[in-house]
Amino acid sequence: MRALGIILAALIILIQYPLWFGKGGWLRAWEVDRQVEAAKGKNGDLERRNSALAADVRDLKTGSDAIEERARYELGMTRPDEVFYQYVDKQPGAPVGITRDSNPANQ
(Lines give C-alpha, C1' and ligand atoms only; values in the text may rest on other atoms or scores of the structure.)
Protein backbone atom coordinates (compact mmCIF):
# COMPACT_ATOMS: atom_id res chain seq x y z
CA MET A 1 0.00 0.00 0.00
CA ARG A 2 2.84 2.34 0.83
CA ALA A 3 4.59 1.60 -2.47
CA LEU A 4 1.36 2.39 -4.36
CA GLY A 5 1.17 5.79 -2.63
CA ILE A 6 4.77 6.59 -3.56
CA ILE A 7 4.16 5.56 -7.17
CA LEU A 8 1.01 7.73 -7.41
CA ALA A 9 2.81 10.73 -5.86
CA ALA A 10 5.68 10.31 -8.33
CA LEU A 11 3.21 10.14 -11.23
CA ILE A 12 1.45 13.29 -10.04
CA ILE A 13 4.80 15.09 -9.85
CA LEU A 14 5.75 13.88 -13.34
CA ILE A 15 2.40 15.07 -14.72
CA GLN A 16 2.66 18.47 -12.99
CA TYR A 17 6.24 19.21 -14.08
CA PRO A 18 5.42 20.08 -17.74
CA LEU A 19 2.42 22.12 -16.56
CA TRP A 20 4.61 24.40 -14.46
CA PHE A 21 8.06 24.30 -16.09
CA GLY A 22 7.48 23.05 -19.64
CA LYS A 23 7.54 25.02 -22.90
CA GLY A 24 3.89 26.04 -22.59
CA GLY A 25 3.71 25.94 -18.81
CA TRP A 26 2.35 28.47 -16.35
CA LEU A 27 5.69 30.15 -15.69
CA ARG A 28 6.18 30.79 -19.42
CA ALA A 29 2.58 32.00 -19.73
CA TRP A 30 3.10 34.47 -16.87
CA GLU A 31 6.30 35.74 -18.49
CA VAL A 32 4.58 36.20 -21.85
CA ASP A 33 1.68 37.99 -20.14
CA ARG A 34 4.15 40.38 -18.47
CA GLN A 35 5.80 41.06 -21.84
CA VAL A 36 2.40 41.73 -23.44
CA GLU A 37 1.52 44.26 -20.72
CA ALA A 38 4.87 46.03 -21.19
CA ALA A 39 4.33 46.15 -24.96
CA LYS A 40 0.81 47.57 -24.48
CA GLY A 41 2.20 50.36 -22.29
CA LYS A 42 4.88 51.19 -24.85
CA ASN A 43 2.31 51.11 -27.66
CA GLY A 44 0.10 53.55 -25.75
CA ASP A 45 3.01 55.98 -25.42
CA LEU A 46 3.81 55.65 -29.12
CA GLU A 47 0.15 56.15 -30.08
CA ARG A 48 0.01 59.40 -28.09
CA ARG A 49 3.22 60.59 -29.76
CA ASN A 50 1.91 59.65 -33.20
CA SER A 51 -1.37 61.47 -32.63
CA ALA A 52 0.53 64.62 -31.59
CA LEU A 53 2.70 64.39 -34.72
CA ALA A 54 -0.39 63.81 -36.87
CA ALA A 55 -1.97 66.94 -35.40
CA ASP A 56 1.20 68.92 -36.22
CA VAL A 57 1.16 67.63 -39.80
CA ARG A 58 -2.54 68.45 -40.15
CA ASP A 59 -1.93 71.99 -38.84
CA LEU A 60 0.98 72.51 -41.21
CA LYS A 61 -1.03 71.27 -44.19
CA THR A 62 -4.19 73.27 -43.53
CA GLY A 63 -3.26 76.53 -41.85
CA SER A 64 -0.65 79.21 -42.19
CA ASP A 65 -0.70 79.97 -38.45
CA ALA A 66 1.30 76.84 -37.60
CA ILE A 67 3.83 77.59 -40.34
CA GLU A 68 4.23 81.16 -39.13
CA GLU A 69 4.64 80.01 -35.52
CA ARG A 70 7.38 77.56 -36.46
CA ALA A 71 9.14 80.16 -38.60
CA ARG A 72 9.13 82.63 -35.72
CA TYR A 73 10.24 80.33 -32.91
CA GLU A 74 12.51 77.86 -34.69
CA LEU A 75 14.04 80.06 -37.39
CA GLY A 76 13.79 83.49 -35.76
CA MET A 77 11.98 85.01 -38.73
CA THR A 78 9.98 88.25 -38.55
CA ARG A 79 7.57 89.98 -40.90
CA PRO A 80 8.93 92.76 -43.11
CA ASP A 81 7.04 95.45 -41.13
CA GLU A 82 8.20 94.17 -37.70
CA VAL A 83 11.17 95.15 -35.58
CA PHE A 84 12.70 92.59 -33.26
CA TYR A 85 14.04 93.71 -29.88
CA GLN A 86 15.89 91.40 -27.54
CA TYR A 87 16.51 92.37 -23.95
CA VAL A 88 19.25 90.69 -21.98
CA ASP A 89 19.03 90.69 -18.20
CA LYS A 90 22.02 92.26 -16.49
CA GLN A 91 23.77 90.44 -13.71
CA PRO A 92 22.67 91.74 -10.33
CA GLY A 93 25.12 94.30 -8.94
CA ALA A 94 27.24 94.59 -12.13
CA PRO A 95 27.86 98.13 -13.40
CA VAL A 96 26.55 99.05 -16.83
CA GLY A 97 28.96 98.11 -19.62
CA ILE A 98 31.09 95.74 -17.53
CA THR A 99 30.24 92.07 -17.52
CA ARG A 100 31.68 89.40 -15.35
CA ASP A 101 33.93 88.04 -18.12
CA SER A 102 35.43 91.43 -19.03
CA ASN A 103 36.15 92.46 -15.42
CA PRO A 104 39.96 92.21 -14.86
CA ALA A 105 39.50 91.42 -11.16
CA ASN A 106 37.75 88.13 -12.03
CA GLN A 107 40.48 86.91 -14.33
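Shown here for the range 1-66: trypsin sites (Lys or Arg not before Pro) in loop regions (DSSP other than H, G, I, E, B) with at most 10 other Cβ atoms within 10 Å, namely 23.
Remark on the chain: hydrodynamic radius 22.5 angstrom, per the Kirkwood mean of 1/r across alpha carbon pairs. Please compute the net charge surrounding residue 54, taking Lys and Arg as +1 and Asp and Glu as -1 over other residues with Cβ under 13 Å from its Cβ. Taking every Cβ under 13 Å from that of residue 54, the sum is +1. Here residue 23 is the anchor, and the aspartates and glutamates within straight C-alpha reach of less than 16 Å, apart from those fewer than 8 places off in the same chain, are 31, 33. For the range 26-82, the per residue solvent-accessible surface stands at 89 Å², with DNA, RNA and ligands left out and a 1.4 Å probe. Assuming 0.36 nm per residue, please report the length gained on full extension of the stretch residue 66 to residue 34 beyond their Cα-Cα distance. Extra length from residue 66 to residue 34 when fully extended: 7.4 nm. Working note: 222 nm ellipticity from helices only, DSSP H runs with n ≥ 4, each -39,500 (n - 2.57), summed and divided by the residues of the chain, gives -22500 deg cm²/dmol to the nearest 500. Heavy-atom surface analysis with a 1.4 Å probe gives the range 1-85 a carbon and sulfur content of 63 percent of its accessible area.
Loop exposure criterion: chymotrypsin sites (Phe, Trp or Tyr not before Pro), DSSP state outside H, G, I, E and B, at most 12 other Cβ atoms within 10 Å. Applied to the chain, the longest stretch between such sites is 1-83.
Taking a span of 27 Å or more along the helix axis (Cα atoms) and a mean Kyte-Doolittle hydropathy of at least -1.0 as the rule, the DSSP H helices of the chain that qualify are 2-21, 26-62. Full extension of the segment from residue 85 to residue 6, taken as 0.36 nm per residue of separation minus the current Cα-Cα distance, would add 19.3 nm.
The values are calculated or read from the model by the stated rules, or taken from the named source; none is laboratory data. Please read these numbers as outputs of a predicted model, since none were measured by experiment. Using ideal geometry, Cβ is built from the backbone for each residue, glycine included, and neighbour counts are taken over all protein chains shown. Note: accessible area is taken over every heavy atom of the protein model, side chains too, but ligands, DNA and RNA are not part of it. Shrake-Rupley method; radii C 1.70, N 1.55, O 1.52, S 1.80 Å.
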